[in-house]
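Structure record follows, encoded as structure tokens.
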Amino acid sequence: MGDVPTRRPYRQAKPPARSAPPRPPRGRWSDAQAYAALDLGTNNCRLLIARPQGGGFAVVDAFSRIVRLGEGLATTGRLSDAAIERTIAALRVCADKLKRRNVTLSRAVATEACRRAANGPAFITRALAETGIHLDIISAEEEARLAVLGCHALIEPGEDPALVFDIGGGSTELVLVDTGSPIPRILDWHSAPWGVVSLTESAGGGEGEAGRLEAYARMRAIVAESFADFAARLPRDLRRPRLLGTSGTVTTLGSVHLGLSQYDRAAVDGLIVPTAAMRTISADLSRKSLAARGKVACIGPERADLVVAGCAILETILDLWPAERLGIADRGIREGILRRLMGITRP
């Protein structure tokens, strides 16, 4: 089995001219029209600006910054002042890009951190006042649907239902889909309140290799319990279970699997890897110290403290859905939002 399928990378468009383009004819797509999607998660703030092109879209600008909005949330139930300041600073960058790219229509969403935080609504109000960006706090169900809409084109062909998952900072979404139509039909879904930030803060740590392995086992047990009801509903005896993951965890582990010295989206988006290799990498990282993880290319100090929780969640997903191959998508909620804004219904 080959590890790398045919990929569908973004087609990069040239930046717009400095002078304002002519106004497009009413009711028709035009190069002058730009659309934007912003996804504010528990860990990341990510923006995508694109224009319709052919049957899809071409990306003209993007932004991503680790803001750790949900840092400390598991303990206090609130967004911290420091996390809010980091996030507001990132949103200001996004607001500037939206203005410079003459965005016609946009949507900005906030997920688990803002859903859970007691001061989430107050943060949304402040973000609007200081940046002009209105964030919709979306439900876990809508989050799951947007993720599937954004990445389903990378699901491997097959007849049995496929499982799509998104490991976030504060939650993990699992979606069972029927791929018999151009847009997969959602058969079942589940949102667990554990992502890389919330799980690390609740069950991470441990001194020495033995302590780290004990913490890893604890994290896996917590996640398994949160998946139990959904696992009991999953179909059995599938001929070839198909699995697609969209998250920083799977793209990072995919990069480690390829031995990349730095992240390369073109190499990772659409990659298919043996799940056994993902388990080996996860087990290895769970034993390493924080400093040792930070020295691994494509992980680095910025992700070193959270990657083990992502590994624990991934391995637990592999336990309940025993696929031999894992598809990796560097696309998801933002792409799903753009497809909705542009009325794109086909892959």
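The values are calculated or read from the model by the stated rules, or taken from the named source; none is laboratory data. Remember, predicted model here, so these are calculated numbers, not experimental data. Cβ: placed from backbone, ideal geometry, glycine included. Neighbour counts: every protein chain shown. Side chains are part of the model used for accessible areas, which takes the heavy atoms of the whole protein and leaves out ligands, DNA and RNA. Shrake-Rupley method; radii C 1.70, N 1.55, O 1.52, S 1.80 Å.
Details
- Trp189, Trp321, reordered so the largest accessible area comes first (probe 1.4 Å): Trp189, Trp321
- For segment 129-174: rounded, prolate or oblate by the Cα gyration tensor [a/c cutoff 1.5]: prolate
- Seen from every direction in turn and averaged, the convex hull around the alpha carbons of the chain projects onto 17.6 nm².
- Whole-Å semi-axes of segment 191-245's equivalent ellipsoid (Cα gyration tensor): 27, 13, 11
- Note on segment 252-300: Cα Rg divided by 2.2 N^0.38 Å, N the number of residues, gives 1.13.
- Inter-site label distance for Leu105 and Ala266 at 7 Å from Cα along Cβ, in nm: 3.2
- Here segment 142-217 is treated with +1 on each Lys and Arg Cβ and -1 on each Asp and Glu Cβ, and its dipole about the Cα centre works out to around 140 debye.
- Three-way shape label, segment 212-326, alpha-carbon gyration tensor, a/c 1.5: oblate
- Percent RCO, i.e. relative contact order, over the chain, from Cα pairs under 8 Å lying at least 6 residues apart: 20
- Three-way shape label, segment 78-120, alpha-carbon gyration tensor, a/c 1.5: oblate
- Part-to-part distance (alpha-carbon centres) for segment 71-118 and segment 260-298, which is given in Å: 28
- His190 accessible area, assembled protein chains, probe 1.4 Å, Å²: 40
- Using only side-chain charges placed at the Cβ, +1 for Lys and Arg and -1 for Asp and Glu, the dipole size of segment 231-272 relative to its Cα centre rounds to 340 debye.
- Listed residue (Ala140, Val307, Gln33) projecting farthest to the positive dipole end of the chain, Cβ model: Gln33
- Sequence of Thr111, Thr280 from largest to smallest accessible area, 1.4 Å probe: Thr280, Thr111
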